[in-house]
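Step one of this worksheet: look at the structure below.
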Amino acid sequence: MKIELRHRKHSNGNQTLYLEFYEGRNKRCYESLNLFLVPERTEEDRRVNEATLALAQKIKAERILGIERPVEDDEEPELPHRVFSEWMDQYIEHKKVDDNISDSHYRTLTSTIKIVKSYLAYIKRPRMLLSKVDKNFYKNFLIYIKDVYKNTKSKDNPKPLSPKTMVLVQQNMNAMFNYAVKQGLMHRNPFFEMAKSDKLHKVSSDREYLTVEELKQMADVYTGSPQTKQTFMFCCFTGLRHGDMAALTWGNIEKTDLGEVIHVPSMQKTKHPVIVPLGIKAKEWMPERGDAKSSDLVFPNAPSIGCADRALKHMAKRAGINKVISFHCSRHTFATMTLTAGSDLLTTSKLLGHQNVQTTTIYADVVMESKVGAVNLTNGLFG
């Protein structure tokens with residue numbers, strides 16, 4: 001019998017190691033070794049691969065000698081030794097270069113990794129191995145971000161993470177661990193071994209939006225930042241995110257047989273395209289093009305989102321609107337207005353550039369709550 005050590009390459013660059021047995025001319029069988037080689041981006045990668053290959057060659061030699069070591073049902077193959085913190089740095093670099101993630105996703109991943117490293121320092125295990133991460137580590141990490149960790153973005157006023165941010169950290173952790181499992185660096189994602197009570201759960205999202213009357217009030221109110229009002233109102237009638245609005249050029253305004261549309265080839269958050277018809281109300285809040293070239297920005301003086309949010313809070317207060325208004329509320333306002341006007345869920349989802357219509361259903365729930373409220377008001381008319 002002839003035995004060969006084989007490699008099977010995967011799209012992510014990893015290589016699975018297995019043995020191929022030849023018994024006669026056309027008779028073959030295979031044995032998976034549950035061993036993986038990783039792309040050698042660092043010296044540590046090279047050392048890990050050398051150790052993995054040595055183990056594979058040892059198993060091959062045992063098979064040639066007819067040694068079949070019995071494997072207990074609960075026994076699992078030994079995992080490569082990878083320092084958790086170093087592996088996270090490689091993971092985010094892979095996501096940035098190979099997966100071409102958006103800038104916002106990159107920032108949230110960077111923040112998550114910073115928090116994990118702070119926890120490793122807190123428990124005095126900065127060089128902890130990825131293979132040692134288990135459900136107890138994960139459970140205690142979630143307790144840490146809920147009860148101990150403070151966001152030091154403002155050094156003078158460190159604040160705990162919001163419930164929404166904590167859930168986002170958990171989601172990023174799960175994505176990392178799922179990837180590690182695929183790489184053969186973990187047996188399983190410890191999240192799925194945790195009790196439900198130990199996990200973080202999404203809080204119900206109250207997506208603040210403006211009613212038609214409130215939108216009219218915002219349009220009429222005085223502000224010291226007219227650029228904020230102009231861009232906010234434009235986004236209320238187009239559904240564009242702040243980043244896509246700020247990057248919008250005159251070349252993105254295209255003429256079609258059905259009228260003008262906004263064509264964003266790649267949204268900054270998702271990297272997916274979106275096409276939105278340019279309605280009359282949206283045009284009212286656009287500047288005159290004049291001699292502007294196709295490459296010129298439509299809103300060259302668009303305020304930063306931080307400045308816009310501060311101005312909008314003052315505008316809402318002056319208008320007598322008792323809501324916490326941010327620039328992103330324009331997108332929520334657009335979604336609820338289109339659904340209230342009779343648009344179906346799929347169409348609204350396409351206008352917002354959502355890849356999954358399920359993301360849009362929260363706006364449908366908001367509209368339904370408003371409808372129920374309106375019906376309940378009629379009940380009082382008849383005593």
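Just so you know, all these numbers are worked out from the coordinates, no wet-lab data involved. Keep in mind it's a predicted model, so treat the numbers as computed, not measured. We place every Cβ from the backbone using ideal geometry, glycine too, and count neighbours over all the protein chains shown.
Where a Cα-Cα gap under 24 Å defines reach, which lysines qualify for K350, not counting those fewer than 8 residues away within the same chain?
K255, K269, K271, K281, K283, K371
At 0.36 nm per residue, and after removing the present C-alpha to C-alpha distance, how many nm does the segment from D296 to E78 gain when stretched out fully? Spell out each step's value before the answer.
Numbers: separation 218, 0.36 × 218 = 78.48 nm, distance 5.77 nm.
Extra length from D296 to E78 when fully extended: 72.7 nm.
Remind me, what semi-axes does segment 84-198 give for its equivalent ellipsoid, largest first in whole Å, using sqrt of 5 times each Cα gyration tensor eigenvalue? Please report the intermediate quantities before stating the final value.
Working: eigenvalues 88, 69, 38 Å².
After scaling each eigenvalue by five and taking roots: 21, 19, 14 Å.
Among [x] 0.95; [y] 1.31; [z] 1.16, which is the computed Cα Rg over 2.2 N^0.38 Å?
[y]
Among the chymotrypsin sites (Phe, Trp or Tyr not before Pro) within segment 206-269, which fall in a DSSP loop and have no more than 12 other Cβ atoms within 10 Å of their own Cβ?
Details: sites: Y209, Y222, F232, F234, F237, W250; in loops: Y209, Y222, F237.
Listed in order of number, the matching sites are Y222.
Whats the longest run of the chain with zero GluC sites (Glu not before Pro) that are DSSP loop and have at most 12 other Cβ atoms within 10 Å? Write down the numbers at each step before the final one.
Numbers: sites that count: E23, E68, E72, E75, E78, E288.
No qualifying site falls inside 79-287, the longest such stretch.
Counting only C-alpha contacts under 8 Å and six or more residues apart, can you give the relative contact order of segment 284-371 as a whole percent? Write down the numbers at each step before the final one.
Details: 48 pairs, mean separation 15.6, N = 88.
Relative CO of segment 284-371 lands at 18 percent.
Run lengths n ≥ 4 of DSSP H only: what is the helix-derived mean residue ellipticity at 222 nm for the chain, with -39500 (n - 2.57) per run over all residues, to the nearest 500?
Details: 13 runs with 173 residues, N = 383.
About -14500 deg cm²/dmol.
Can you give me the distance in nm between label points at V221 and I280, each placed 7 Å from the Cα along the Cα-to-Cβ direction?
The modelled label-to-label distance comes out at 2.6 nm.
Give me the number: length gained by fully extending K114 to S266, i.e. 0.36 nm times residue separation minus the C-alpha to C-alpha distance, one decimal in nm.
On the way: separation 152, 0.36 × 152 = 54.72 nm, distance 2.85 nm.
The span from K114 to S266 would gain 51.9 nm if fully extended.
Take the Cβ-Cβ distance between Y122 and D257 as r, set R0 to 56 Å, and report the resulting FRET efficiency rounded to the nearest 0.05. Present the calculation step by step, with values, prior to reporting the outcome.
Numbers: r = 61 Å, r/R0 = 1.09.
With a Förster radius of 56 Å, E is 0.35.
Over all alpha-carbon pairs of segment 2-64, lay out the pair-distance distribution in 10 Å bins, whole %, shortest bin first.
21, 47, 25, 6, 1
What's the angle, to the nearest 10 degrees (0 to 90), between helix 43-64's Cα axis and the longest principal axis of the chain?
40 degrees
Consider all pairwise Cα distances in segment 212-380 and report the whole-number % of them above 28 Å. Intermediate values should be presented prior to the final figure.
Working: 3421 of 14196 pairs.
Every Cα pair in segment 212-380 considered, those over 28 Å come to 24 percent.
What residues of segment 1-15 lie in the reach of a label at Q57, counting those whose backbone N is under 13 Å from a point 7 Å from the Cα along Cα→Cβ?
The answer is 5.
Nearest 0.05, what FRET efficiency do K132 and V324 give at R0 = 30 Å with Cβ-Cβ as r?
Values: r = 43 Å, r/R0 = 1.43.
Using R0 = 30 Å, I get an efficiency of 0.10.
Estimate the FRET efficiency between R28 and R188 by the formula 1/(1 + (r/R0)^6), using the beta-carbon distance for r and 35 Å for R0, to the nearest 0.05. Walk me through the numbers before you get to the answer.
Values: r = 31 Å, r/R0 = 0.87.
Efficiency, from the Cβ-Cβ distance: 0.70.
Quick one: length gained pulling L65 to A341 fully straight, 0.36 nm per residue minus the C-alpha distance?
Numbers: separation 276, 0.36 × 276 = 99.36 nm, distance 7.61 nm.
Working it through step by step, the gained length comes to 91.7 nm.
Using +1 at the Cβ of each Lys and Arg and -1 at the Cβ of each Asp and Glu in segment 42-174, identify which of N151, P80, I113 lies farthest towards the dipole's positive end.
It is N151, whose Cα lies furthest towards the positive end.
Which Cα, out of F21, T348, A308, lies furthest along the positive dipole direction of the chain (beta carbon charges, K/R +1, D/E -1)?
Farthest towards the positive end: A308.
Can you give me the angle between helix 329-340 and the longest principal axis of the chain, using Cα atoms only, in degrees from 0 to 90, rounded to the nearest 10?
80 degrees
Please report how far the C-alpha centroid of segment 252-280 lies from that of segment 30-69, rounded to the nearest whole angstrom.
Centre-to-centre distance over Cα atoms comes out at 52 Å.
Suppose each label sits 7 Å from its Cα in the direction of the beta carbon; what would the D147-R207 distance come out to in nanometres?
Here the answer is 3.5 nm between the modelled labels.
To the nearest 10 degrees, how steeply does helix 103-122 sit against the main Cα axis of the chain, on a 0 to 90 scale?
60 degrees
Only Cα pairs within less than 10 Å get springs; with that Gaussian network setup on the chain, which residue of K229, K155, K58 has the largest fluctuation?
Result for the chain, Cα springs under 10 Å: K155 fluctuates most.
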